[in-house]
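The values are calculated or read from the model by the stated rules, or taken from the named source; none is laboratory data. What you see is a predicted model; the values in this text were computed from it and never measured. All Cβ positions, glycine included, derive from the backbone under ideal geometry; neighbour counts span all protein chains shown.
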Amino acid sequence: MNSGMNCAEIHERVVLAVYSELPDDENHALLQHLAGCPPCREEQEQLQALKTLSAAYPVFEPSPNLVARSRTRLEDALDALPPKQWYDRLGDWLTRTATGLQAAPVAACLLLVAGAGLGSLGGYEFAARHAAGIAGSAETTAIMHSAAEPASLASTGEIASISGIVREPNSNLVEVRYNQVEPRHVRGTLDDPKIRQLLMMASQNGANPGVRNDSVDLLAAECRSGHGCSGADVQGTAVRDALMVALRYDRSATVREKALEGLQPYVGEDMQVRDAVLETLLNDPDARIRSAAITMLEPVEADTSVRQVLSTVALSDENSHIRNASRLVLRRVSEVQ
């Protein structure tokens, strides 16, 4: 399928389409190109998934004094750095002047010789520091194992972070405070923003098909009932985006079908939902889902993009039932017009 547009032209249109800024008259040409161009389709999938995942996380405003504290800490850290050795300063000078050596072969040779010498010296110092670090680590490990906790604790994978270290005066005893990774749970209604954010994250859980199925099922049911998915509010848009990602890319036909059902009430008002359903009609490998997409498009069957996609499907779909259903819709639209 050739839309008459090359990949360079499509790149900008894909970004505009993902963020609902592409004019309606260009949507069909974009869909045609994506149907026959796997690289551009993959780029669109990545952008859509990124947008959906970004919307699932709340945006927190930084405190007013965050920049001031960060700048102070940075200045303290820079002041604490040891002064550069002569070979560090020489290396900086050589780096700044390396661009001028392209037309100076003799100087380039000198740079090569100097670099070899500096590399040897630097390697020696690195090895010495590394050996000192190993010795320090061994001592720390011995101290940890002398504490009251079992010696195998550090290897269990349950330590999330170290929160504090205190050494007792005049002693080799060290107290290390750490935080462990613990499973957490939260309870709330489906109207709770935190619950919705977790459900949208779960809909992208590639490692657990059951979690994806349950989350999409709940989100789709909420959208069908009109709770929190309609309108232009940020969270409603994010939920529809999550369902569109599941419809386009989930490997489970059951999950894609549930996502399609959840988007059904918005096919008339949301161009992105309509485009997602048209892509499903063109590309979904399950004939049952493609057939459901035709039925879902009935409220907007007179739309130009819808008629064009139906014409394509009526000629090229491998399923005779879907070809006939598309022809019937086109014939009905022609009679009405």
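Matching residues to (1) more than 18 Å from K51 (Cα to Cα); (2) under 22 Å from the mean Cα position of the chain (by Cα):
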residue: G188; (1), (2): yes, no
residue: D192; (1), (2): yes, no
residue: R196; (1), (2): no, yes
residue: M201; (1), (2): no, yes
residue: Q204; (1), (2): no, yes
residue: N213; (1), (2): yes, yes
residue: L219; (1), (2): no, yes
residue: G226; (1), (2): yes, no
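When the range 27-42 is filtered for residues that are farther than 16 Å from Y249 by Cα and surrounded by fewer than 15 Cβ atoms within 10 Å (Cβ to Cβ), only G36 remains.
Looking only at the range 218-235, decide whether some residue is over 29 Å from N27 (Cβ atoms) and not acidic (D, E).
Taking the range 218-235 and keeping what is over 29 Å from N27 (Cβ atoms), we get 218.
Now restrict to residues that are not acidic (D, E): 218.
Yes - at least one qualifying residue is present in the range 218-235.
What about Y57, is it within 25 Å of the chain's Cα centre (by Cα), over 18 Å from A276 (Cβ atoms), surrounded by 11 or more Cβ atoms within 10 Å (Cβ to Cβ) and modelled with pLDDT under 70? Against the criterion (within 25 Å of the chain's Cα centre (by Cα), over 18 Å from A276 (Cβ atoms), surrounded by 11 or more Cβ atoms within 10 Å (Cβ to Cβ) and modelled with pLDDT under 70), Y57 qualifies. Residues in the range 166-176 that are surrounded by 10 or more Cβ atoms within 10 Å (Cβ to Cβ) and modelled with pLDDT of 75 or more: 2 in all. Counting the residues of the range 240-294 that are without any contact (Cβ under 8 Å) to a residue 40 or more places away in the chain, polar (S, T, N, Q) and within 20 Å of A17 (Cβ to Cβ) gives 1. When the range 296-315 is filtered for residues that are surrounded by 12 or more Cβ atoms within 10 Å (Cβ to Cβ) and either in contact with a strand residue (DSSP E or B) (Cβ under 8 Å, 6 or more places away or on another chain) or polar (S, T, N, Q) (or both), the ones remaining, listed by number, are S305, Q308, S311, T312.
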